[in-house]
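Notes follow once the structure below has been shown.
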Amino acid sequence: MPAVSVPIRAEILDRLRAIEAEEDVRLIYACESGSRAWGFPSADSDYDVRFLYVRPPDWYLSVNVERRPDVLRRPISVSASGAVLDLAGWDLRKALVLLRKSNASPQEWLRSPIVYRADGTVVPDLQTVAAAAFRPLAVYHHYRSMAKRTYHDHLAGPQVHTKKYFYVLRPLLAVRWIEAALGPVPVEFSALLDAVSPPGSFRPTVDALIEAKRSGSEGDAAAPIPVLQTFIQAELARLEHASPPPPTDPISMDRLNTAFRTTVRSVWAE
């Protein structure tokens, strides 16, 4: 897993502190999302910083709380060292609502291997809640749809942007992971490759593509790669007739409410 350099990490932390001061929020967690967290960044990949924050208690004790903003985003900017920084975050309440739907984004954020900030008092419990909220059927359909859509939009022509292979391969391997009943899907692409890669030339081809992406740029394009095209097309065809995992009950709202209240009280305790 490529490390984040000390200067870039310091600038990211500075910007996170600025968001807290400007918005009167407390950031309880901040991580890397996207290709850097997955383990296959290009030399010029953005830093996709995602965070969870908590407002003061009175913010939530409001008649119009449902209409209040629950997302914070800063314009994409370039750091002093030339890195492209993309910072965005969700209110904890929004994240918990999405966790109950087993939305893949907060699941992935809370298991990211690159963490910039984490409140040691509340984040471990939130990670436990996220694991309990995992519902295989919902995540299965999420990754299956992502793979199908990305393939048809970006990999079906005579020239392809090679980075798009990862945005199809990762969800397809995630579906295999779910089909094998291995639990919450890991963020790291290498963990998926180790567990559910097909035999033959698939893995060496993917490993070579990872190395090429790390040394290339985000815009690199080339002719389609036959080994990967064959795998993708076969998997998409198989999934048209495959049986999805059985439905499971969502995590209880009581457990989410407890996690929410405990976090808000802890974060804003004097």
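The values are calculated or read from the model by the stated rules, or taken from the named source; none is laboratory data. What you see is a predicted model; the values in this text were computed from it and never measured. No Cβ is skipped: glycine too gets one built from the backbone with ideal geometry, and neighbour counts run over all protein chains shown. Protein only, heavy atoms only, side chains kept; ligands, DNA and RNA dropped before computing areas. Shrake-Rupley method; radii C 1.70, N 1.55, O 1.52, S 1.80 Å.
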What pairs come out if I take residues in segment 83-97 that are closer than 13 Å to residue 260 by Cβ and small (Gly, Ala, Ser) and pair them with residues that are in a helix (DSSP H, G or I) and open to solvent by less than 10 Å² (accessible area, probe 1.4 Å) whose C-beta lies under 8 Å away, six or more apart or interchain?
95/106
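Sort out which residues of segment 10-54 are among the aliphatic types (A, V, I, L, M), more than 25 Å from residue 266 (Cα to Cα) and without any contact (Cβ under 8 Å) to a residue 24 or more places away in the chain, and write them in order of number. Don't jump to the end; show me each part of the working.
Taking segment 10-54 as the starting set, the residues that turn out to be among the aliphatic types (A, V, I, L, M) are 10, 12-13, 16, 18-19, 21, 25, 27-28, 30, 37, 43, 49, 52, 54.
Those left that are additionally more than 25 Å from residue 266 (Cα to Cα): 10, 37, 43.
Scanning segment 10-54 gives a single hit, 10.
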Got a number for residues in segment 212-231 being in contact with a Ser or Thr (Cβ under 7 Å, 6 or more places away or on another chain) and free of Cβ contacts under 8 Å to residues at least 40 places away in the same chain?
1
Looking at (1) open to solvent by 10 Å² or more (accessible area, probe 1.4 Å); (2) hydrophobic (A, V, I, L, M, F, W, C); (3) modelled with pLDDT under 95; (4) under 20 Å from the mean Cα position of the chain (by Cα), which is the one condition that is false for residue 40?
(1)
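This table checks each residue for (1) on the phi > 0 side of the Ramachandran plot; (2) part of a helix (DSSP H, G or I); (3) touching a residue at least 12 places away in the same chain (Cβ under 8 Å).
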position	(1), (2), (3)
113	no, no, yes
124	no, yes, no
132	no, yes, yes
144	no, yes, yes
148	no, yes, yes
163	no, yes, yes
166	no, yes, yes
172	no, yes, yes
176	no, yes, yes
Consider residue 59 carefully, then state whether it is of a type in the set (Phe, Trp, Tyr), part of a helix (DSSP H, G or I) and at pLDDT 95 or above.
yes
Assess whether residue 86 counts as being surrounded by 14 or more Cβ atoms within 10 Å (Cβ to Cβ) and assigned to a strand (DSSP E or B).
yes
Residue that is farthest from residue 243 (Cα to Cα), among those in segment 178-211 that are part of a helix (DSSP H, G or I) and touching a Ser or Thr at 6+ places or on another chain (Cβ under 7 Å)
209
Anything in segment 36-52 that is touching a Phe, Trp or Tyr at 6+ places or on another chain (Cβ under 7 Å) and either within 20 Å of residue 213 (Cβ to Cβ) or part of a loop (DSSP other than H, G, I, E, B) (or both)? List them, or say none.
36, 38, 39, 40
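Could you check how many residues of segment 136-173 are of a type in the set (D, E, K, R), surrounded by fewer than 19 Cβ atoms within 10 Å (Cβ to Cβ) and over 17 Å from residue 238 (Cα atoms)? Steps first, please.
To start, the set of residues in segment 136-173 that are of a type in the set (D, E, K, R) comprises 144, 148-149, 153, 163-164, 170.
Checking the rest, the ones that are also surrounded by fewer than 19 Cβ atoms within 10 Å (Cβ to Cβ) come to 148-149, 153, 164.
So of that shortlist, the ones also over 17 Å from residue 238 (Cα atoms) come out as 153, 164.
Residues meeting the conditions: 2.
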Is it the case that segment 1-8 has a residue that's of a type in the set (S, T, N, Q), out of contact with any Gly (no Cβ under 7 Å at 6 or more places or on another chain) and open to solvent by 10 Å² or more (accessible area, probe 1.4 Å)?
yes
Applying the selection to segment 236-270, what residues are of a type in the set (Ser, Thr, Tyr), outside any helix (DSSP H, G or I) and either surrounded by 12 or more Cβ atoms within 10 Å (Cβ to Cβ) or touching a residue at least 12 places away in the same chain (Cβ under 8 Å) (or both)?
248, 252
